[in-house]
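Written below as structure tokens is the structure these notes are about.
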Amino acid sequence: MMNGLGAGIGMTSDRTRSRMVERLRAAGIRDERVLSAIEGVPRHLFVDEAIANRAYEDSALPIGWGQFISAPYIVARMMELLCAGTHLRKVLEVGTGCGYQAVVLSRIVQEVYSVERLGQLLTKTRSRLWNLKITNLRLKHGDGRLGLPEAAPFDGIIVAAAAPVIPQALLDQLSPEGRLVIPVGQDNHQQLTVVERRDGEWTTSTVEAVRFVPLLEETS
Ligand code: SAH
């Protein structure tokens, strides 16, 4: 699945990545599939070289256009909530950004779709991913608040930007047992929220306070 990732990566980054995974474990991440997927993806390849030495700190990092790659803990936490111990066949990510989370997802989910509203950022991300030769990840330019009707329904949907209200299209595109993980709220009042669909009903629970960039309207 991931032919290109081994190339050109020194021992140093392998070791720092293992240490990062140990920190995630200590912080309470339990899903071994998520931990090993994170261990397998060199996060430093997803940020500019000037800040690559900070790639294994537990912090968000700038990726241009005013956007940020989420901190490793929050990526791990959201993926753990999304998977909830089950196997997901098809997942939609809203907010591709630099592609890091999409690539981590592609290691544990059969089919991953990711939508990004910023065309230039997506172009940069596409060329980065090209070298990694990932065959089960599809990137789309568009407004992720509308989901991706042509590929729906999804076993899981994960949103990497905060929505003032949960977009109805995302709820509608969940498969019968599907789960949506999304930060809900504005500025510094955001709650990581999980919505589970069962028997045509949606059950919502909040998990913890988070801080994400806003889910915006319109593409550019
Ligand atoms: N998962 C990303 C995190 C990116 S930050 C990573 O691993 O790097 C959130 C991203 O959501 C930004 O790139 C932003 O441009 C994008 N975004 C914001 N509103 C959006 C929308 N309505 N549709 C699609 N993407 C959106």
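Observations
- Calculated from backbone phi, Karplus (6.51, -1.76, 1.60) coupling profile of region 105-119 in Hz, x at Gly/Pro: 4, 5, 7, 10, 10, 5, 9, 10, 10, 9, 10, 10, 8, 8, x
- By the Stokes-Einstein formula, at 1.002 mPa s and 20 °C, region 65-220 with its Kirkwood radius over alpha-carbon pairs has D equal to 140 µm²/s.
- Note on LYS140: aspartates and glutamates with a C-alpha under 17 Å away, same-chain residues under 8 apart excluded, are GLU93, GLU111, GLU116, GLU150, GLU217, GLU218.
- Calculated mean residue ellipticity at 222 nm for the chain: -8000 deg cm²/dmol, from DSSP H runs with n ≥ 4 weighted as -39500 (n - 2.57), summed, divided by the residue count and rounded to 500.
- Net charge of neighbours whose Cβ lies under 14 Å from the Cβ of VAL109, counting Lys and Arg as +1 and Asp and Glu as -1: +1
- 3J(HN,Hα) along region 130-138, derived from phi through the Karplus expression 6.51 cos²θ - 1.76 cosθ + 1.60 where θ = phi - 60°, amounts to 3, 5, 7, 6, 9, 9, 10, 10, 10 Hz, with x in place of Gly and Pro.
- Integer Hz, Karplus 6.51/-1.76/1.60 couplings in order for region 183-192, x for Gly and Pro: x, 10, x, 9, 6, 9, 10, 10, 10, 5
- Residues whose amide H comes within less than 5 Å of that of GLN190, counting only those at least five positions distant or on another chain, are VAL210 (H built at 1.01 Å from N in the peptide plane).
- Here's how it looks for PHE154: its modeled amide H is under 5 Å from those of LEU174, SER175, which are all 5 or more places away or on a different chain.
Values in this text are rule-based calculations from the coordinates and carry no lab data. All values derive from a computational prediction rather than experimental measurement. Here Cβ is always computed from backbone atoms with ideal geometry, including for glycine, and neighbour counts include all displayed protein chains.
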